[in-house]
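Visitor: Have a look at this one.
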4 protein chains.
Amino acid sequence: MTHFEVSFPVRYYETDQMAVVHHSNYIRYFEIARNAMMVAWGFPIERCENEYGVMIPIVSVECRFKHPARMGDVLTAVAEIDRTPMAKLIVRQSVFNQEGEVCADGTVTLGFIDAKTFRPVRCPELLAQIIENHLNDK
Amino acid sequence: MTHFEVSFPVRYYETDQMAVVHHSNYIRYFEIARNAMMVAWGFPIERCENEYGVMIPIVSVECRFKHPARMGDVLTAVAEIDRTPMAKLIVRQSVFNQEGEVCADGTVTLGFIDAKTFRPVRCPELLAQIIENHLNDK
Amino acid sequence: MTHFEVSFPVRYYETDQMAVVHHSNYIRYFEIARNAMMVAWGFPIERCENEYGVMIPIVSVECRFKHPARMGDVLTAVAEIDRTPMAKLIVRQSVFNQEGEVCADGTVTLGFIDAKTFRPVRCPELLAQIIENHLNDK
Amino acid sequence: MTHFEVSFPVRYYETDQMAVVHHSNYIRYFEIARNAMMVAWGFPIERCENEYGVMIPIVSVECRFKHPARMGDVLTAVAEIDRTPMAKLIVRQSVFNQEGEVCADGTVTLGFIDAKTFRPVRCPELLAQIIENHLNDK
């Protein structure tokens with residue numbers, strides 16, 4: 001399993017009138033972890049689009065909200081991958097707070113499409129290899 | 001089944017650099033339909049908090065992204081309920097565009113908690129009755 | 001003076017933990033009015049980019065926050081133009097609520113740049129004419 | 001002059017279809033710097049509300065947009081204060097990128113109001129002192 005995480009404080013505009021982080025923001029936190037993981041791998045999504053002509057749209061999201069995050073919290077967003085992607089990339093995601101409490105967890109499924117035709121394609125070879133290498137390392 | 005829908009144009013800030021509506025916004029569109037439904041029922045969530053001391057947090061969200069929405073689109077967000085809530089309120093949701101294409105659909109599950117103790121409670125009687133009446137009407 | 005306005009209810013995610021609309025959203029409401037105005041004129045900003053190769057970036061924003069908007073409010077965002085644009089388009093903006101109270105007002109200044117070279121250009125002729133016609137009508 | 005800054009990467013959802021950070025986000029970046037400054041001073045805005053019963057609403061914002069920020073950029077948001085606040089707190093703000101280019105700058109003016117009566121009050125003594133100490137240090 002590859003494991004990547006990134007931390008950041010809650011931003012004021014992310015809170016809502018219940019004085020907790022609005023639930024839609026966890027979907028955004030999930031993406032922050034995924035994108036930071038891609039950057040750490042030397043394969044930012046921009047590169048995927050520009051060099052490979054492949055876009056990586058979100059196919060589906062599942063998210064369970066478990067514990068409210070609040071202003072003052074420092075959150076950690078996690079992205080984990082279990083196996084080398086073929087047609088889909090499945091990412092297990094979570095967000096926990098500075099006490100280690102899980103605020104939200106879930107799964108995000110991404111696809112690969114040709115940036116011109118918008119037709120589904122397979123995961124770019126280099127990305128598949130990067131993930132495979134990380135899976136073998138751990 | 002109760003059916004409620006509300007329409008609105010895409011907002012520029014909701015697009016991302018793929019020139020489509022960022023996926024996190026569908027979770028927000030779902031909520032717009034739910035809240036507008038509550039208002040139409042004479043039972044806005046504020047009233048639920050203020051008069052009944054009951055908050056209605058999101059327990060989980062599932063969303064499939066099917067067709068990108070773009071600037072210029074007028075979207076319709078739908079909230080549908082199949083049965084009277086007890087401990088949970090399950091809402092079927094979708095967003096479609098002016099061509100009738102489904103951009104996203106999914107399910108949102110809400111709970112009921114005491115606004116003071118944060119303990120789970122049952123759906124406020126009046127809300128359960130409103131939903132039951134709507135279910136019987138159709 | 002041209003006058004354009006568009007109305008919409010406050011969205012839950014726009015509130016913050018003070019239980020009012022987060023101040024950054026007024027900047028977004030301003031843009032909603034401007035873009036709806038352009039659409040009403042048959043000249044949506046997409047068309048400006050696609051047909052004229054001209055982008056209309058924001059140069060500056062001034063905004064005074066006067067009265068908090070809250071969940072349940074129906075807001076009206078206003079865009080007004082006083083004179084035909086040359087190098088800049090100056091838009092007077094405001095947001096008021098269902099009681100007619102001004103929640104925020106200000107001025108947004110936009111420029112015109114070539115979509116390829118990013119160099120400043122003059123306002124596209126057709127847009128200047130549309131605005132001039134509206135100015136003469138009223 | 002007190003000077004405080006905080007850095008963070010651009011988030012994907014902050015970009016718009018021009019492939020740059022949507023202008024409204026700079027207003028949010030400004031707030032991130034202000035709030036992080038308050039936390040660094042041991043005086044987070046929550047404390048101001050809870051212990052002093054004083055809220056610090058935004059009175060006005062002025063922002064000039066100078067250089068687009070893009071996905072991949074690491075931004076630094078700056079908050080600077082020139083003098084001890086009385087009825088108002090005036091904060092000079094900017095956002096620059098990893099090349100040192102200023103993406104946006106401006107001024108945010110905040111007020112102080114009683115959390116119960118919503119009447120204007122003076123800056124809480126402790127906050128005024130903290131700022132004065134920082135002004136004298138540099």
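The values are calculated or read from the model by the stated rules, or taken from the named source; none is laboratory data. Everything numeric in this text was worked out from a predicted model, so none of it was measured. Cβ placement follows ideal geometry from the backbone for every residue including glycine, while neighbour counts extend to all protein chains displayed. Keep in mind that these areas ignore ligands, DNA and RNA; they rest on the heavy atoms of the full protein, side chains included. Shrake-Rupley method; radii C 1.70, N 1.55, O 1.52, S 1.80 Å.
Visitor: Can you tell me the orientation of helix A:125-137 relative to chain A, as the angle in degrees between its alpha-carbon axis and the longest Cα principal axis, to the nearest 10?
Guide: The answer is roughly 60 degrees.
Visitor: If you don't mind, another one. Taking springs between alpha-carbon atoms closer than 10 angstrom, which of B:Phe43, B:Phe118, B:Phe65 fluctuates most in the Gaussian network model of chain B?
Guide: Fluctuation is largest for B:Phe118.
Visitor: Whole Å is fine, so just give me how far the alpha carbon centre of the range D:62-107 lies from that of the range C:82-138.
Guide: 25
Visitor: Need one number: nm distance between label points at B:Glu125 and B:Ala87, each 7 Å from Cα along Cα→Cβ, rounded to one decimal.
Guide: In this crude label model, B:Glu125 to B:Ala87 measures out at 2.2 nm.
Visitor: In C, who owns the beta-carbon nearest the axis carrying C over to B, and how many Å from it?
Guide: Nearest Cβ to the rotation axis, residue and whole-Å distance: C:Phe8, 3.
Visitor: Rg/Rh for the protein assembly as shown: what does it come to with C-alpha atoms and Rh from Kirkwood?
Guide: Checking Rg against Rh, the ratio lands at 0.95.
Visitor: Moving on to the next point. Treating the Cα atoms of chain D as identical point scatterers in vacuum, please give the log10 of the normalised Debye intensity I(q)/I(0) at q = 0.16 Å⁻¹, two decimals.
Guide: One equal scatterer on each Cα of chain D leads to -0.82.
Visitor: Another question about this same structure. Under a 5 Å amide H to amide H cut-off, with H placed in plane at 1.01 Å, what residues pair with A:Lys66 once short-range neighbours are removed?
Guide: Correct list: A:Ala104, A:Asp105.
Visitor: At 1.4 Å probe size, put C:Ser7, B:Ser24, C:Ser94 in order of accessible surface, largest to smallest. Write out the running numbers ahead of the final one.
Guide: Details: C:Ser7 70, B:Ser24 0, C:Ser94 25 Å².
Most to least solvent-accessible, the answer reads C:Ser7, C:Ser94, B:Ser24.
Visitor: Under the rule of -39500 (n - 2.57) per DSSP H run of 4 or more residues, summed and divided by the residues of chain C, what mean residue ellipticity at 222 nm is obtained, to the nearest 500 deg cm²/dmol?
Guide: -8500 deg cm²/dmol
Visitor: So how tilted is helix B:24-40 from the main axis of chain B? Cα-based, degrees 0 to 90, rounded to 10.
Guide: 50
Visitor: For the range B:50-85, which trypsin sites (Lys or Arg not before Pro) are in a loop by DSSP, counting at most 14 other Cβ atoms within 10 Å?
Guide: B:Arg83
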